[in-house]
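Since the structure comes first, as structure tokens, the remarks are kept for the end.
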Ligand code: NAD
């Protein structure tokens, strides 16, 4: 085992969980045993909630300009430890080093947004009648929790943690049991940056701890990022316990390619979108809908896909089960009559035979009823559907139950606008394969890709992590007597 057994982080200390139940943490790159992670209990969560509750009064009353000083220091520490954090991310998640580097750089950008929050939460004030003033303030919620997925071990925790804490909340994070190492380093860096004990806590575990978070009366709000199946469970359970909840789910993002699209640029974007992070991004291209004569673009996509080499510029998928599941999707599409133009099945990387690799896969002549057209594959696979016009393409995009992202590739501004207006997704790209809105814009999909109000990052997150306090004041008799007296 390369690293020590993972512990929980409560009140500024790494502590043992009160359980013997644990899981192995395996590197998808080469199957190496990295560590073990405890499946914590309700009692473990309870101790973290108690620590967070105790820290809350002092932390929430610390002026925001003082709170964000810690995040200026945290940002510098992320920069200082960039290489180490990126290596750890690759080791536990399987993505290639340059992708991990980009992930940590994104954490820096997210922290930069958090340190700008004092500029954004100034509230409002107005003299509403003579001598009477109304004023609004953003008050923190209290103890909040964040449940995160495996695919971005550092970035998704940093979607929520810096904003939630800078806004005065105390937090408990539940890392993915498959990639729990990066969160532990985040805790160490926050401590080094001067974050008071108890403000940030980590409880490791699986279903049991997620359910405990949804049920615990001391937790005021829950954010979740993961699959739609679990997002629904978490949203229903947390809100039925009267908690505020925002639950981001899975995706099947459609790229609409028009015949006038620039072939080289389109092929590069489509390929990078479907194969980046081994297709394990909620913003990955899931299906491409070609409108009319697009053979020349499909040809270029195949050329680009063949340049994506497993173990070189394509990382591993998270587990053996995931590799097998992705390959089953490809088998099924082939059986149903689709054409496999580039085939990533049975990929083995020399020297990393125990790793979980799937090569880039391009499937053409997919029809809307095939599972590769409908389901989130979460692997480096693009399913190409062919239609005669833009409305048919939109009908396919609109019919899918998700709504994270969609993109259009064209040089026709009018066609692009037509599609932006009609695509049923929260994030739309024009000639952009991965249309992630960068700060200060907010991240969040529609339909079954997100449950709850508002988005998880950017300005929108302020509404989620705070509640408005409205105060009405008067000091002098000039205010007179009226209905407000
Ligand atoms: P997952 O839903 O399996 O797990 C997410 C979290 O939920 C983990 O912490 C896990 O421990 C917990 N969990 C798993 N099963 C549970 C259950 N039955 N009950 C309660 N908790 C449970 O997701 P994953 O495989 O870690 O991540 C991949 C998924 O996340 C994909 O569907 C991807 O699209 C989605 N995702 C979405 C976004 C977004 O912004 N919409 C971002 C990243 C990932």
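The values are calculated or read from the model by the stated rules, or taken from the named source; none is laboratory data. Because the structure is a prediction, the values reported are computed rather than measured. Methodologically, a virtual Cβ is constructed for each residue, glycine included, from the backbone with ideal geometry; neighbour enumeration extends over all protein chains shown.
Among the residues of the range 233-273 satisfying the criterion of being closer than 13 Å to residue 449 by Cα and touching a strand residue (DSSP E or B) at 6+ places or on another chain (Cβ under 7 Å), which is surrounded by the fewest Cβ atoms within 10 Å (Cβ to Cβ)?
235
All but one of (1) within 14 Å of the chain's Cα centre (by Cα); (2) surrounded by fewer than 18 Cβ atoms within 10 Å (Cβ to Cβ); (3) in the same structural domain as residue 120 (by TED's automatic domain parsing) hold for residue 453, so report the exception by its number.
With respect to (1) within 14 Å of the chain's Cα centre (by Cα); (2) surrounded by fewer than 18 Cβ atoms within 10 Å (Cβ to Cβ); (3) in the same structural domain as residue 120 (by TED's automatic domain parsing), residue 453 is out only on (1).
Scanning for something within 20 Å of residue 161 (Cα to Cα) and touching a helix residue (DSSP H, G or I) at 6+ places or on another chain (Cβ under 9 Å), does the range 463-475 turn up at least one residue?
Looking through the range 463-475, at least one residue is within 20 Å of residue 161 (Cα to Cα) and touching a helix residue (DSSP H, G or I) at 6+ places or on another chain (Cβ under 9 Å).
Tally time: how many residues in the range 414-451 are within 11 Å of the ligand (Cβ to nearest atom), in contact with a strand residue (DSSP E or B) (Cβ under 9 Å, 6 or more places away or on another chain) and not in a loop (DSSP other than H, G, I, E, B)?
Going through the range 414-451 one residue at a time, the tally reaches 4.
Can we say residue 211 is part of a loop (DSSP other than H, G, I, E, B), on the phi < 0 side of the Ramachandran plot and within 16 Å of the ligand (Cβ to nearest atom)? Before you say what the answer is, go through the steps one by one.
Values: part of a loop (DSSP other than H, G, I, E, B): no; on the phi < 0 side of the Ramachandran plot: yes; within 16 Å of the ligand (Cβ to nearest atom): yes.
Answer is no for this residue.
Looking only at the range 33-43, which residues are farther than 19 Å from residue 143 by Cβ, in contact (Cβ under 8 Å) with a residue 60 or more places away in the chain and either over 23 Å from the mean Cα position of the chain (by Cα) or crowded, with 22+ Cβ neighbours inside 10 Å (or both)?
Matches in the range 33-43: 34, 35, 37, 38.
Please identify the pairs in which a residue from the range 209-225 that is over 10 Å from residue 243 (Cβ atoms) has its Cβ atom under 6 Å from the Cβ atom of a residue that is near the ligand (Cβ under 8 Å from one of its atoms) and in a helix (DSSP H, G or I), counting only partners at least 6 apart or on another chain.
Final answer for the pair search is 224/231; 224/234; 225/156.
Mind telling me which of the residues 68, 49 ends up being farther than 24 Å from residue 149 by Cβ and buried (at least 18 other Cβ atoms within 10 Å of the Cβ)?
It is 68.
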